[in-house]
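> Could you have a look at this structure, given as structure tokens, before my questions?
The values are calculated or read from the model by the stated rules, or taken from the named source; none is laboratory data. Note that the coordinates shown come from a computational prediction; the quantities given were computed from them, not determined experimentally. Glycine also receives a Cβ, built like all others from the backbone with ideal geometry; neighbour counts cover every protein chain displayed. Protein only, heavy atoms only, side chains kept; ligands, DNA and RNA dropped before computing areas. Shrake-Rupley method; radii C 1.70, N 1.55, O 1.52, S 1.80 Å.
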Amino acid sequence: MIRRARAGDFEAMGRIHRDAYPVDHLSGRLGLGALRDLNRELCGGEAVCLVCEGEEGRIEGFVIADLAENLRGANRRFMLGHAWEVAWLFVRNPRALAQKLGSLWGRVGRGRRVVGSRASMRVVSIAVSPGAQGRSVGRRLLVALEKELRERAVEWYGLSVKETNRRAVQFYQRYGFAEEGRGDGGVYFIKRVR
């Protein structure tokens with residue numbers, strides 16, 4: 001069953017996030033408390049936060065999408081609240097720090113990652129518990145998300161995925177996303193809501 005996320009879901013969502021993302025994804029290295037707070041922050045305001053609940057009532061996956069202009073503020077509030085944990089994460093992972101600084105430097109020089117994107121909504125996070133992968137949980141979450149976006153009259157939405165996450169890249173291509181651009185080690189996809 002797909003339903004809106006509730007405050008009591010944020011910790012389970014954090015656990016899924018940590019378990020589902022590859023180790024090269026920096027946020028997958030945050031503690032559960034930080035991931036819970038990140039989900040709470042991202043699910044505020046105008047965000048669409050949906051979970052897929054399994055037969056036993058256990059959350060098997062989630063998707064979070066928000067208006068592109070709202071994301072910077074949510075990320076900034078999270079970073080301010082968890083500055084020491086994020087700093088320590090970079091100290092323990094100097095390669096990740098170098099990649100992040102390179103990414104930021106590249107954006108300063110080039111401006112936005114995808115110039116002129118038609119996507120007014122961005123999928124911030126989508127994750128499926130490893131035990132539920134291969135059972136159409138991700139597809140069902142995107143179908144429910146698109147229903148919500150149609151009700152909000154959103155025409156286009158987008159997301160990004162690491163180039164090295166070939167399984168996810170292929171999933172989004174099969175699901176009808178078109179590549180909108182590449183950069184900073186990521187592939188940027190867009191899809192029209194029908």
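> Determine whether the range 57-65 contains at least one residue that is modelled with pLDDT of 80 or more, open to solvent by less than 30 Å² (accessible area, probe 1.4 Å) and part of a loop (DSSP other than H, G, I, E, B).
No; the residues of the range 57-65 include none that is modelled with pLDDT of 80 or more, open to solvent by less than 30 Å² (accessible area, probe 1.4 Å) and part of a loop (DSSP other than H, G, I, E, B).
> Among the residues of the range 143-193, which ones are within 20 Å of Leu67 (Cβ to Cβ) and assigned to a loop (DSSP other than H, G, I, E, B)?
Arg152, Ala153, Val154, Glu155, Phe177, Val193 - these are the residues of the range 143-193 that are within 20 Å of Leu67 (Cβ to Cβ) and assigned to a loop (DSSP other than H, G, I, E, B).
> Looking at the range 156-171, which of its residues are of a type outside the set (A, V, I, L, M, F, W, C) and closer than 14 Å to Arg122 by Cβ?
Tyr157, Gly158, Ser160
> Same structure again: Within the set of pairs 6+ apart or on separate chains, which have a first residue in the range 19-38 that is more than 18 Å from Asp184 (Cβ to Cβ) and outside any helix (DSSP H, G or I), a second that is basic (Lys, Arg) and at pLDDT 70 or above, and C-beta atoms under 8 Å apart?
Leu30/Arg18
> Could you list, in sequence order, the residues of the range 140-188 that are among the aliphatic types (A, V, I, L, M) and either open to solvent by 90 Å² or more (accessible area, probe 1.4 Å) or more than 15 Å from Tyr21 (Cβ to Cβ) (or both)?
Passing the criteria: Leu141, Leu142, Val143, Ala144, Leu145, Leu149, Ala153, Val154, Ala178, Val187.
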